[in-house]
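Below is one structure, written out as C-alpha cells, with a few remarks after it.
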C-alpha cells in the first residue's frame, strides 16, 4: 500500500556510480495473529525523511557508514522494549473500534491518527463487503486487527527508513501482511495481465545476472501489492524481488509506513514536492544524490529489477472529463535512471509497464502537501501490462541529436505505457474482457 513516486532529476557522479499460492477470486488466506512474535525496528541514525527541519538537517549529515548498522530485533513484550497489544486479540468490530478510543483517551494515540484509523476501518470494511465474499466479516476483522497493531506499534516506536530499505520478512512478514490486506479488494474475475510472456522474458534476463528497469505509470498506494498479486502465480521472483523508487510520503505517513516496510525501496523525494518547505530543498537534493548512489550499488551487483514512476506522482483524472490517464513522464528522470543502468557495468534492459488500479485506492484529486490523506477504498478489477524492451541507442542513432533523443525516448516509453493502459481500460471499465486484446497487447488471466 504505497505511493511510489519520484523524479530523479538531480545530478550524480558516474565515476562512483560510481531503491505463494495463486490468487483465488476472493480472499484466500488470513494473516497470522501476532502473539509471541518479535519485530525488527531500524534504529538507523541517518534517516533522510523527517518532518522536523532541525532534526533532518542534523541527521542527513551523519556519516554514511552509520547507515549500515544492523536493524535491532526486539521481542514484543520483553524487558528490553514493551508494546501494548490492544488490537491483537479483539473478537468483534466493537472491541476493535473501542480499542482506538481507549488508546486515544489514554494519550497513547494522537487524535488525528485515531480518526484516520477509524475512517480506514469503515472504508476497508465497505470495500471488502462489496466483493460478496461470505467470509467478508471475518476477513475484515482479521486484516484490520493486524493493520491496527502495526500502525499502533509505529506510533509507539517509529520506524525510520534507510536510503535503501530491504523488505522486512521476518520475524514478522510485512510483505505478506500487505498482500493479505490488498487481496480481498481485487476483483480477479475482472483483472487482466497483458503480455505475460514478456514477464517471463524479463525474468530470464534477471536469472542471467542482467538488470531490468520498469518505467511505469503510478496510480495508488496499493500499486506494489497489485503488481505482486497479479504476478504471484507466474512470476513470483518479480513479485517479491522488485525494488521500488519511493517518494517520502510512503515512509513518513503513519498509516502507510507498515505497508512500505514490506517492500524493497530506494527512498527519494519527488521533484513535485522538492520545494514544499523551501528551507529543506538543499537537504532533499543531497538526500536524493545519496539514494542514487545506493541504487547504483544495487545495479552494480546485477540481477536487480527496479520500478520507477518518472511522472513524479500518482495519476489523477482530468478535472473536466473525469477520465484517468497516465501522467506525463519527466524526460530527465527517465534519462537519469537509464544512465544509472548503463554505467552499472552489467547489461541493463528498460521496459514500459502499465498499471490500472485507481478504483482500489484513488489518490486525492489535488496534490496535497500535508501528510495524512483521506483513504477512499473500493473493490475493483485491476490490470497490468508489459511492453517490449525499448533501446535508447537505437532511438539516438536515428535522431542525430543526443538531447533530442532523451525527449524522444521518454515519449516512446510513455506512448507504450498509454497504449497498454487503454487496452486495460477497455477490458476492465469497458467490460470487453479478454476481447480487448490487440496485436500489441495480449491479455490473460493466469490465475484462472
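Of the residues that make up the stretch 334-344, is at least one surrounded by 15 or more Cβ atoms within 10 Å (Cβ to Cβ) and not in a helix (DSSP H, G or I)? Yes, the stretch 334-344 contains a residue that is surrounded by 15 or more Cβ atoms within 10 Å (Cβ to Cβ) and not in a helix (DSSP H, G or I). Restricting 104, 117 to residues that are closer than 18 Å to residue 377 by Cβ and surrounded by 17 or more Cβ atoms within 10 Å (Cβ to Cβ) narrows the list to 117. Only residues that are in a loop (DSSP other than H, G, I, E, B) and within 24 Å of the chain's Cα centre (by Cα) were counted across the stretch 422-448, and they come to 4. Checked against (1) at pLDDT below 85; (2) under 17 Å from residue 218 (Cβ atoms), residue 319 meets all criteria but (2). Within the stretch 163-206, restricting attention to residues that are within 20 Å of residue 377 (Cβ to Cβ) and outside any helix (DSSP H, G or I), the residue that is nearest to the chain's Cα centre (by Cα) is 186. Is it the case that residue 371 is in contact with a helix residue (DSSP H, G or I) (Cβ under 8 Å, 6 or more places away or on another chain) and at pLDDT below 95? So residue 371 passes the test.
Of all residues in the stretch 392-421 being over 30 Å from residue 434 (Cβ atoms) and either touching a strand residue (DSSP E or B) at 6+ places or on another chain (Cβ under 6 Å) or not in a helix (DSSP H, G or I) (or both), which is modelled with the lowest pLDDT? Going through the qualifying residues, I end up with 400. Each residue in the stretch 272-294 was checked for being crowded, with 23+ Cβ neighbours inside 10 Å and modelled with pLDDT under 65, and 0 pass. When we screen 349, 358 for residues that are crowded, with 18+ Cβ neighbours inside 10 Å and part of a loop (DSSP other than H, G, I, E, B), the only hit is 358.
The values are calculated or read from the model by the stated rules, or taken from the named source; none is laboratory data. Please read all numbers here as calculations on a predicted model, not as lab measurements. Don't worry about glycine lacking a Cβ; one is built from the backbone with ideal geometry, like all the others, and counts go over all protein chains shown.
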